[in-house]
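The structure under discussion appears below in the form of structure tokens.
The values are calculated or read from the model by the stated rules, or taken from the named source; none is laboratory data. Since this is a predicted model, take the numbers as computed values, not measurements. Cβ placement follows ideal geometry from the backbone for every residue including glycine, while neighbour counts extend to all protein chains displayed.
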Amino acid sequence: MKNVAKRIGRQVAFYAVLIGLWALIVRLHIWPTYIFPPPADVYTALRDGFEDHSFWIAIGVSMRHMLLGYGISVVLGTVLGIGLASNRFLEQTVGGLLVSLQSMPSICWLPLAVLWFGLSENAILFVIVMGSTLSVTISMETGRKQMPKIYSMAGRNLGARKWKLFYYVLLPASMPYIITGLKQGWAFAWRSLFAGEMLSATLGLGQRLNAGRDNSDMPMVIAVMILIVAIGYLVDGVLFRAVERRMQHKWGLLAST
Amino acid sequence: MSAVPGLVGDVLQQQQDHAGGCARATLDLAPPKLCLQDLSLKYKTSSGEKLLALDKINLRVAAGEFLCIVGPSGCGKSTLLYLIAGLHEPSSGSVLMDSKKVVRTGTDRIMIFQEHGLFPWLTVEENVEFGMKMKGVPKAERREHVHEYLKLVHLQKFQKSYIHQLSGGMRQRVAIARALATEPDVLLMDEPFAALDAQTRDLLHDELERIWAETGRTIVFVTHNVREAVRLGDRVAVFTFRPGRVKREYKIDLPRPRQLEDTAVAGTAREILTDLREEINKSLEEEYQAERQR
């Protein structure tokens, strides 16, 4: 408990110094404030954005895109991953294609998505799905392959067959890989989301960011960037981290404290 | 053999009478629990070369018998257990259990692995009840049995623990409880104590002997440790190095409970070891050759 308090204290102090430095540099008048605004302006932009609900709406819209796109990716990625892990033919043909597609930055799907779906939500979802499905698939596949054989042997030996073997043994045994895959998939989806939103006409955070640029509203741009980082951290660094730690603790993969 | 009269029985002449001997009782033997008939296994190595791992193994194990199999590493003795368990398929020959051919895994034959194979995502009690859960035994009944078997291996206090919280010896005890909880007729133990320190192993020898006496299970126990085999077994089968064949069988008539330090155990072990040494040398030589070719 004491360590946690200490850590939080340090972090608060760090950000205080960072903001202090920022304010100090603004005071030096090296750049005009419309290029390098003071922290107070960014704070005002944040506050106003929440007060007139535009940020709430943007967050809501972006999260809806995320949940939909990520949801589709997880289902698709899981099915593909299991298919690839259990069929050698699929692995050698589809598997190779997927690995090469994985090297494509998700923003490169955008022109195709816009031509197919127009500047719509569907284009955004498409980009998210293309960006994150493959990382889910690949982790699932590695999970099934690298899982120690002894678990499935022991499971079969104890009378688990077919779906029971899958549900009670193979699935939990590959959980460390699955969680890594889900986490990675989320990170890719999160990056793809903004690639999609910045070009399409929706009310999401990406569009707010773009609007900030169009209006040369630097405080707004920085405020939205802070929001994006904060939400990303909350999901990745807090939610997924907690799930991961819980599993690692159970499995004894962490030095127990 | 005659140097220690009475300690080592006659070499069983089962090689000659195996044909047809599995299905019916012979004059002096009850029908065997397990009968291996001309069991062979060939497999392809990663380099594409075909290897004969087991060559026409003929063995019978009586109900309630404790059979130990010793042999150098690479003699296929673990593979034999996988065949009995139904986890691998033989290339030819068959495994008969109660005169019925084994075609797949079954909870009447449970393995205990060297690396224990316990599930790290489950607690001790969930591990122990796993086999019953797969069989569809209702929860209340499962819990009752779990208690019973954890008591048998002296681990009641640890039912809620996760596997990584236990010591190596405790893990093997959980594995034994998990195996017994499915009420198998035959326990197949694959060098279960090889990774444990000497003290823990002594303790587990005592426990296994006691559990065996209390539950009356048939045990096939694979080890490379001859003393361990003599300490535990009613009979010890020595395997040859690749391809694995039954080289000789020894009946161990020493009184129980035995101790690893008993001079009679040591004497018998020394005799079997002499027999085995030739095979161990072969395995070492092969290992050396393989290393040189690399």
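Assessment of segment A:137-156 against the conditions (crowded, with 21+ Cβ neighbours inside 10 Å, within 27 Å of A:Pro105 (Cα to Cα) and within 14 Å of another protein chain (Cβ to nearest Cβ)) yields at least one matching residue. What's the total number of residues in segment A:157-168 that are on the phi > 0 side of the Ramachandran plot and more than 8 Å from every other protein chain (Cβ to nearest Cβ)? The number of residues fulfilling the criteria is 1. Screening B:Thr123 with (1) within 13 Å of chain A (Cβ to nearest Cβ); (2) under 30 Å from B:Ala53 (Cα atoms); (3) polar (S, T, N, Q) gives one miss only, at (2). Looking at segment B:80-120, which of its residues are buried (at least 19 other Cβ atoms within 10 Å of the Cβ), closer than 25 Å to B:Asn58 by Cβ, in contact (Cβ under 8 Å) with a residue 40 or more places away in the chain and within 13 Å of chain A (Cβ to nearest Cβ)? Those that are buried (at least 19 other Cβ atoms within 10 Å of the Cβ), closer than 25 Å to B:Asn58 by Cβ, in contact (Cβ under 8 Å) with a residue 40 or more places away in the chain and within 13 Å of chain A (Cβ to nearest Cβ): B:Leu81, B:Leu83, B:Ile84, B:Ala85, B:Arg109, B:Ile110, B:Met111, B:Ile112. Take the conditions (1) of a type outside the set (Val, Ile, Thr); (2) within 27 Å of B:Val230 (Cβ to Cβ); (3) in contact with a Ser or Thr (Cβ under 8 Å, 6 or more places away or on another chain); B:Ser92 misses just one of them, which is (2).
Residues that are more than 18 Å from the chain's Cα centre (by Cα), surrounded by fewer than 22 Cβ atoms within 10 Å (Cβ to Cβ) and at pLDDT below 85 number at least 2 in the following helices (runs of 4 or more DSSP H) confined to segment B:181-294: B:263-293. Checking each residue in segment A:183-205 for being part of a helix (DSSP H, G or I) and of a type in the set (A, V, I, L, M) picks out A:Ala187, A:Ala189, A:Leu193, A:Ala195, A:Met198, A:Leu199, A:Leu205. I'd like to know if segment A:99-107 contains one or more residues that are under 30 Å from A:Gln184 (Cα atoms), of a type in the set (A, V, I, L, M, F, W, C) and not in a helix (DSSP H, G or I). Within segment A:99-107, one or more residues are under 30 Å from A:Gln184 (Cα atoms), of a type in the set (A, V, I, L, M, F, W, C) and not in a helix (DSSP H, G or I). Taken over segment A:19-49, the residue count meeting the criterion of being assigned to a helix (DSSP H, G or I) and either more than 26 Å from the chain's Cα centre (by Cα) or surrounded by 14 or more Cβ atoms within 10 Å (Cβ to Cβ) (or both) is 19. Residues in segment A:211-257 that are out of contact with any Phe, Trp or Tyr (no Cβ under 7 Å at 6 or more places or on another chain), part of a helix (DSSP H, G or I), small (Gly, Ala, Ser) and under 30 Å from A:Ile178 (Cα atoms): A:Ala230, A:Gly237, A:Ala242.
Looking across A:Leu28, A:Leu18, A:Leu68, A:Leu97, one residue alone is at pLDDT below 90 and either more than 30 Å from A:Ala201 (Cα to Cα) or not hydroxyl-bearing (Ser, Thr, Tyr) (or both). It is A:Leu97.
Residues in segment B:134-183 that are of a type outside the set (D, E, K, R) and away from every other protein chain (no Cβ under 11 Å): 23 in all. In this structure, does A:Leu171 turn out to be within 11 Å of another protein chain (Cβ to nearest Cβ), in a helix (DSSP H, G or I), touching a helix residue (DSSP H, G or I) at 6+ places or on another chain (Cβ under 7 Å) and surrounded by fewer than 21 Cβ atoms within 10 Å (Cβ to Cβ)? When the stated conditions are applied, A:Leu171 does not pass them. Residues in segment A:109-126 include none that are within 14 Å of chain B (Cβ to nearest Cβ) and aliphatic (A, V, I, L, M).
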